[in-house]
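Taken together, the values in this text are just the output of simple stated rules run on the coordinates, not laboratory data. Predicted, not measured: the structure shown is a model, and the values here were computed from it. Ideal geometry is used to build each Cβ from the backbone, glycine not excepted, and the neighbour counts take in all protein chains shown.
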Amino acid sequence: MFQPNAITNARLSGLDGLHRIRIQEGRFADIQPLGERAPVEDNELDAGGNLVCPPFVEPHIHLDAALTAGEPRWNRSGTLFEGIECWSERKLMLTHDDVINRAEQTLKLFAAHGIQYVRTHVDVTDPTLTALKGMLEVRKRVRNFIDLQIVAFPQEGILSFPNGIELMKRAVALGADVVGGIPHFEFTRDYGVESVQKLMALAEATDSLVDVHCDEIDDPNSRFLEVLAAEALKRGYGERVTASHTCAMHSYNEAYCSRLFRLLQKSNLRFVALPTENLHLQGRFDGYPKRRGVTRVPELLDAGLKVAMGQDSIRDPWYPMGNGNLLRTLDVGLHACHMLGTDRIETSLEIITHNGAAVLNLDQYGIEKGLPARCVVLHGTTPYDVLLNQSPVMASVRDGRVLVSREPAVMTVEGWEHSPVQ
Ligand code: 17E
Ligand code: FE2
């Protein structure tokens, strides 16, 4: 495996000109300005004037369900609820090897797209905990490529599924890193509130992070986000708590939102939007106009909160598409959220890098002297360029080793003759 001692001709966010980033013993050493394009020495990786940024972070994916679309049947309505029914049938067919094989196949796709950090939700509403045990094994197997965080996710509820809280506790004891929840799917509003209190207590007692599927529904009365934020504030836990989806916020009235945002800022929760997934799942009970169902990303960012974007699904009972490329998710997200102003585009890579790292509470992340030499070489000189062309990453470097390298595609259009317009 190629272990360069520098990445040369790298363009870095916030710095003018090109740079040579030296690497020593798997860590970034000094970063030298080059000005113009410099010749590339042996044992250096040539970034070719392209942007170099920290590895992409996938903050939200259901790896246990990945690559099961159509098994044992297709989700015909396209709703979250039919997806959960299909999955509960597929769940009965899970084996240890089945979970490991599909998760690894999916993670390889992620690695090929420059992702080196992944948080996966794993359904623990299963008395055998087959998916969780498989994922604990996957976490070990992929560690040279990807840091994997595992969420104990109660897909069918904490209070609405038999022994829900005991299963959550067992999952954390077995090694899950993060406590999950799904209050909008509990049988009653009261169950939903109680589930949030219980999961926060479990997280605090076990010193775990929290990531809740929160209000993934077009119902403006689904208001579990305020419960989660208030619990996080009370416990001083906000930066360790993530609210995923929060689709109902799309449908909240402005007066309520204005009150809610005050609490969100005080609690400093993290957010994950899943734009491809929720454009597909939400609005299903609407006539025209149909809601997009994606949370209020620009407003949350403008309020100073950390918002990341994730893929959620790769060909599973909820969503039949997905290819591991977070640039695609970001592109769709920017469209869905009215974020195609140039200022938004130029800062958008933060959403799939630093903001994802904030969600995962990573502390050794970024391109700085002394940090692990982990980064990706993009194909383009500006974020605009990268987004516009949707080119996959050219290289992915982890602890000084080049894990992924790619040549730009060569394309010729034969016989196209034109002269410039006078
Ligand atoms: N489970 C869920 O509750 N919501 C989703 N979007 C997926 C799984 C993919
Ligand atoms: Fe999800």
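Couple of notes before you dig in:
- Exposed loop sites, defined as GluC sites (Glu not before Pro) outside DSSP H, G, I, E and B with at most 14 other Cβ atoms within 10 Å, are absent from the longest region of the chain, namely 42-367.
- Residues 19, 62, sorted so that the one with the fewest Cβ neighbours within 10 Å comes first: 19, 62
- Residues 369, 133 in ascending order of nearby Cβ atoms (within 10 Å, fewest first): 369, 133.
- Compared with the dominant Cα axis of the chain, that is its longest principal axis, helix 224-235 is turned about 80°.
- Taking each DSSP H run with n ≥ 4 as -39500 (n - 2.57) and averaging over every residue of the chain yields -10000 deg cm²/dmol at 222 nm.
- For residue 46, residues with placed amide H under 5 Å, excluding near neighbours: 8
- Proxy reagent accessibility, fewest Cβ within 10 Å first, across 384, 237, 288, 365: 288, 384, 237, 365
- Considering only alpha-carbon pairs that sit under 8 angstrom and 6 or more positions apart, the relative contact order computed for the chain is 20 percent.
- For segment 155-164, putting each phi into the Karplus relation 6.51 cos²θ - 1.76 cosθ + 1.60 with θ = phi - 60° gives couplings of 3, 9, x, 8, 9, 8, 10, x, 6, x Hz, in residue order, rounded to whole numbers and with x for Gly and Pro.
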